[in-house]
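A short write-up of the structure that comes next.
The values are calculated or read from the model by the stated rules, or taken from the named source; none is laboratory data. From a predicted model like this one, the values you see are computed outputs, not experimental measurements. Neighbour counts are summed over all protein chains in view; Cβ atoms, including those assigned to glycine, are modelled from backbone coordinates with ideal geometry. Surface areas here come from the heavy atoms of the whole protein model, side chains and all, with no ligands, DNA or RNA. Shrake-Rupley method; radii C 1.70, N 1.55, O 1.52, S 1.80 Å.
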Amino acid sequence: MRLRVLPFLAHLLLLAGAFLPGRAMAQLPQVAVERRLARELSLRVGDTIRLGTAPDSMRLVATVAAVYEPRPDPAEIAKVERHLRMHLPDLAALLGAPDRVDRFGIGLVPGTPVDSAVAALERNAFGFQVYPSAAIASQSSATFLVVSRFHRAIAVITIVAGAVFLLCIMLLKVEERRMDAAVMRFVGVRRRTIFGALLLEAALVAAVGSLVGTALALVAGAATNAYYRRLFDTGLTFSLVTPEIVLFGVALSLLLGLAAGAAAAYRLVRTRPLVLWGRG
């Protein structure tokens with residue numbers, strides 16, 4: 001069971017107690033303290049602390065049995081709460097509310113239908129509501145879904161703008177080859193050969209660009225994770241470059257590069273040699 005402690009009350013609710021004999025210390029309730037809270041209050045395993053629901057009622061004396069690292073949770077990163085964990089009877093005695101809980105989790109045997117278990121539990125008891133873990137996760141992740149859709153919209157706009165920019169660059173690059181294309185046409189080189197050469201050049205440019213972009217993404221992701229992990233003192237991954245993202249980016253880069261190169265090359269080979277030479 002976890003007990004949440006606000007930082008500004010932590011120094012009041014958790015005070016180091018006096019030294020107790022070994023026998024009495026062994027009978028004290030034991031708690032597990034979150035690493036950040038233990039660091040802020042300079043607590044170590046074996047320390048004696050006093051707990052209470054208010055600064056003037058710290059009647060429960062307990063020992064720090066463990067210092068734990070909580071599982072990274074995006075929903076907790078912006079909160080200023082700290083946690084410690086207690087055995088349920090000790091927490092009930094501290095709060096003065098025996099046999100009462102706010103919520104608890106139930107694990108199902110693999111293969112058990114969740115909907116059937118929820119319906120059976122709600123029929124056999126009164127006064128509580130049963131929710132599948134998927135429904136709770138969906139409700140708590142609503143903010144992250146909105147952020148994800150916002151990022152997807154930005155990505156689409158960026159891709160469209162990048163495609164237009166790439167097309168303009170390829171058109172300018174092919175325009176610089178007008179004289180070369182005119183000479184090749186004069187000496188009898190076929191349009192198909194010129195088109196293939198320009199398309200191959202566009203593919204090479206797109207491949208090099210995708211490799212450079214992947215390297216920049218990895219470096220930027222590592223820098224982002226290092227900065228925000230240190231800022232929030234967490235093990236969360238803020239930037240993740242997966243193989244699927246890399247493959248999608250490389251494929252998209254090659255596709256857009258080939259499309260822009262093909263459009264520019266087609267425009268060049270359809271122009272008469274004299275026009276390319278500047279005499280038409």
Q) If you put +1 on each Lys and Arg Cβ and -1 on each Asp and Glu Cβ, how big is the dipole of the chain around its Cα centre, in Debye rounded to 20? A) 1300
**Q.** Residue order for Phe238, Phe195, Phe248 - accessible surface, 1.4 angstrom probe, largest first
**A.** Phe248, Phe238, Phe195
**Q.** Nearest-0.05 FRET efficiency for Asn225 and Gln27, computed from C-beta distance (R0 41 Å)
**A.** 0.35
Q. Of Val147, Phe195, Phe238, whose Cα points farthest to the positive end of the dipole of the chain (charges on the beta-carbon: +1 Lys, Arg; -1 Asp, Glu; origin at the Cα centre)?
A. Phe195
Q. When the chain is modelled as a GNM with alpha-carbon springs shorter than 10 Å, which of Gly221, Gly127, Gly257 fluctuates the most?
A. Gly127
Q.
Tell me which trypsin sites (Lys or Arg not before Pro) from region 190-280 have a DSSP coil assignment and no more than 15 other beta carbons within 10 Å of their own.
A. Arg190, Arg270, Arg279
(Q) Compute the distance from the alpha-carbon center of region 29-56 to that of region 132-207, in whole Å. (A) 56
Q) For the chain, what % of the accessible area comes from carbon and sulfur atoms, probe 1.4 Å? A) 65
(Q) Just to be sure I understand: with springs between alpha-carbon atoms less than 10 Å apart, which residue in Ser148, Ser138, Ser116 has the highest mean-square fluctuation in the Gaussian network model of the chain? (A) Ser116
Q: Using the heavy atoms of the protein chains and a 1.4 angstrom probe, tell me the accessible area per residue for the chain in square angstrom.
A: 69
Q.
Starting from the 7 Å offset along Cα-to-Cβ, what nm value, one decimal, do you get for the label separation of Val80 and Leu172?
A. 5.1
Q.
With a cap of 15 neighbouring Cβ atoms within 10 Å, and only residues DSSP puts in a loop, list the GluC sites (Glu not before Pro) found in region 43-139.
A. Glu81
Q) What order do Ile157, Ile194 take when sorted by accessible area (1.4 Å probe), most exposed first? A) Ile157, Ile194
Q) Among the DSSP beta bridges whose two residues both lie in the chain, what percent are antiparallel, rounded to the nearest 5? A) 70
(Q) With n ≥ 4 as the cut-off for DSSP H runs, can you work out [θ] at 222 nm for the chain, using -39500 (n - 2.57) per run divided by the number of residues, rounded to the nearest 500? (A) -19000 deg cm²/dmol
Q: Taking semi-axes √(5λ) of the Cα gyration tensor in Å as the quantity of interest, determine which of (i) 29, 21, 19; (ii) 26, 22, 19; (iii) 68, 24, 14 was computed from the displayed structure.
A: (iii)
Q: Against the globular-protein guess of 2.2 N^0.38 Å, express the Cα radius of gyration of region 163-230 as a ratio, rounded to two decimals.
A: 1.72
